[in-house]
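Each remark here refers to the structure printed beneath this line.
The values are calculated or read from the model by the stated rules, or taken from the named source; none is laboratory data. Remember, it's a predicted structure, so these values are computed and weren't measured experimentally. Glycine also receives a Cβ, built like all others from the backbone with ideal geometry; neighbour counts cover every protein chain displayed. When the accessible area is computed, the model is the full protein with side chains, heavy atoms only, and any ligands, DNA or RNA have been set aside. Shrake-Rupley method; radii C 1.70, N 1.55, O 1.52, S 1.80 Å.
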Amino acid sequence: MEKAGGYPSVGGSYPQKNAEILSSQYGINLFLAGLLLTFAWAVHAVGISKSHLLSYLITLMLIQLLWMLWYLCRSCTQRRLIRDKDTHAGACWLKCGITLFAVITLILDSFKIGYYIDFSNCLSPAEGIFPVTHAVHTILQVYFLWCHAKDIIQSFKTLERFGVIHSVFTNLLLWTNGVLTESKHQLNEHKERLITLGFGNITIVLDDHAPQCNCTTTTLCSIFSQGIYYLYPFNIEYHILASTMLYVLWKNIGREVEHHQQHKTPFKFHGITVGMIFGLIVLTSTIAIVVVYLIQIGRSKIKSELALTMFYSHAIFVLALMCAAGIVALLIYRLEDRSLDNSKNPARKLDAELLVGTAAGSWLLSWGSILAIICAQAHPKYTWYNLPYSVLVIIEKYIQNLFIIESIHREQEKVNDDIKTLRIVTISRGSTLSLTPSYKEVYNGRADNGEVPCLFKGSTCGRENDGDAKEELSQDKSSVMHSASDFSFYNRNSVTNNKRRILKNIAAFLFLCNLSLWIPPAFGCRPEYDNGLEEIVFGFEPWIIVVNLAMPFSIFYRMHSAASLFEVNCKT
């Protein structure tokens with residue numbers, strides 16, 4: 001009987017576990033095939049053109065569109081059914097963020113359509129079909145994530161696993177395609193700067209994928225071709241955010257959740273003025289530094305060195321401030337005695353893994369720079385700024401990851417509204433509790449009706465028994481003791497509120513700092529390219545490969561950290 005009772009539950013989990021394994025392997029193979037096709041196009045492999053890559057991506061998007069339409073139709077027919085929801089997944093601010101990136105992605109698609117129209121004589125039809133399909137895919141996917149990102153799917157689980165994982169890796173391939181296209185553009189610009197600066201000891205061949213025909217409208221072609229690359233950073237962030245939200249949906253398929261009300265934590269500007277002011281100063285100064293850097297770099301050797309020195313000085317100052325803020329936050333956590341929430345939460349687990357995983361990209365670049373400085377024979381003056389910059393990048397990410405991961409795992413503090421009005425609770429002879437007027441009223445010796453307040457029930461109320469003076473005196477002392485304990489509780493609560501205010505300001509400051517540090521690499525301000533020291537030590541092509549592999553993870557880390565810190569600010 002024991003076997004009969006135990007086997008069904010164990011055996012019942014096997015098909016779902018197998019479906020999870022099979023669907024994940026399907027997604028990985030889908031991704032590897034697309035990755036190899038992308039690589040073949042990037043290195044100009046014989047027989048592989050851009051149209052082949054785009055055709056593959058179009059096919060994947062069409063399959064995902066069919067699956068999403070089927071899911072949406074099935075959801076409409078089952079609207080009356082009560083479904084489980086993961087309250088931690090698909091936060092409102094995350095949906096707003098992905099919507100913003102999606103809108104800019106649609107602008108990018110419109111630029112690509114305009115670019116195709118101008119060069120239609122020599123471009124393949126796939127280059128015109130791709131942006132149209134991508135625009136439709138973007139609109140439907142954002143709608144799908146708004147409506148169903150929190151779903152915990154309990155029906156057609158095997159089919160849904162394949163549909164969701166297909167969507168995850170489709171977005172990852174679109175992300176890879178965007179990263180590669182943007183990296184090739186950045187690399188070409190870097191090579192042109194090297195040519196201007198007269199680096200004759202480096203073999204420079206521009207990787208040109210430009211159309212082999214003339215544009216019908218020269219001005220529009222220039223606007224479209226230049227505008228596309230300024231919009232790619234938003235397209236890249238859109239696809240990586242979509243893939244993470246879909247991955248959480250995939251992990252939630254068939255999951256059993258506890259039914260409890262999740263406490264909502266709306267974002268409030270109240271109490272974070274200091275953090276916002278300092279953060280906005282950093283953001284404004286970073287934008288100014290990036291503009292000056294992009295104007296000066298490559299103009300001449302002196303101007304390039306000044307631009308690099310300016311960039312490193314500013315980054316060192318900002319990173320030092322972020323390290324100090326993170327250390328203060330961790331010290332406050334060490335002084336508090338609060339338990340951690342270790343309940344199963346796919347969204348929170350993914351956040352922590354992405355923070356550590358994507359930080360490895362920056363760490364790789366930083367250790368490469370440190371090694372280059374140690375091994376280089378000649379050290380121009382501006383390269384010495386690279387050493388503290390690289391060290392601080394490693395330390396800052398280490399501290400920030402600790403702060404964010406601990407913050408998202410800490411249980412929320414429940415604030416009792418009764419704290420706002422302190423009441424003295426006393427115990428009578430009969431061991432019954434009586435709630436008296438506020439301490440201010442007791443101190444003034446009157447209640448709301450103008451009479452002496454009644455502190456105790458029964459025979460202890462009033463002053464009719466004048467002979468029982470000793471008992472009344474002891475009760476007065478007891479009342480004073482309770483009042484003192486309430487004052488100490490009020491002081492402890494005041495200290496807790498001050499700590500929370502400091503933590504919220506730190507989270508707001510780090511949020512804006514991470515947005516600031518996302519801007520330079522996303523828009524072409526990359527000293528890892530322009531420094532020159534690493535290219536001399538490691539060789540031009542090996543170092544460029546390292547930068548192109550690590551930089552996308554470094555860029556994503558900053559945006560993901562900003563999103564996580566926004567959540568920390570809401571939760572604190």
Scanning the stretch 117-154 residue by residue, the ones that are assigned to a loop (DSSP other than H, G, I, E, B) and not basic (Lys, Arg) total 11
Scanning the stretch 282-335 residue by residue, those under 17 Å from TYR385 (Cβ atoms), among the charged types (D, E, K, R) and surrounded by fewer than 17 Cβ atoms within 10 Å (Cβ to Cβ) turn out to be LYS301, LYS303
Hey, any hits in the stretch 524-544 for a residue that's in contact (Cβ under 8 Å) with a residue 60 or more places away in the chain, charged (D, E, K, R), open to solvent by 20 Å² or more (accessible area, probe 1.4 Å) and in a helix (DSSP H, G or I)? yes
The number of residues in the stretch 369-388 that are in contact (Cβ under 8 Å) with a residue 60 or more places away in the chain, assigned to a helix (DSSP H, G or I) and either surrounded by fewer than 19 Cβ atoms within 10 Å (Cβ to Cβ) or not assigned by the TED database to the domain that holds PHE540 (or both) is 5
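Listed here are the residues, each with its yes/no results for (1) open to solvent by 20 Å² or more (accessible area, probe 1.4 Å); (2) at pLDDT 80 or above.
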position	(1), (2)
ASP476	yes, no
ASN497	yes, no
ARG500	yes, yes
SER564	no, yes
THR572	yes, no
ILE297 passes all but one of the listed conditions (1) more than 21 Å from HIS190 (Cα to Cα); (2) touching a residue at least 40 places away in the same chain (Cβ under 8 Å); the exception is number (1)
Note on HIS270: of the conditions (1) open to solvent by 70 Å² or more (accessible area, probe 1.4 Å); (2) modelled with pLDDT of 90 or more, unmet is (2)
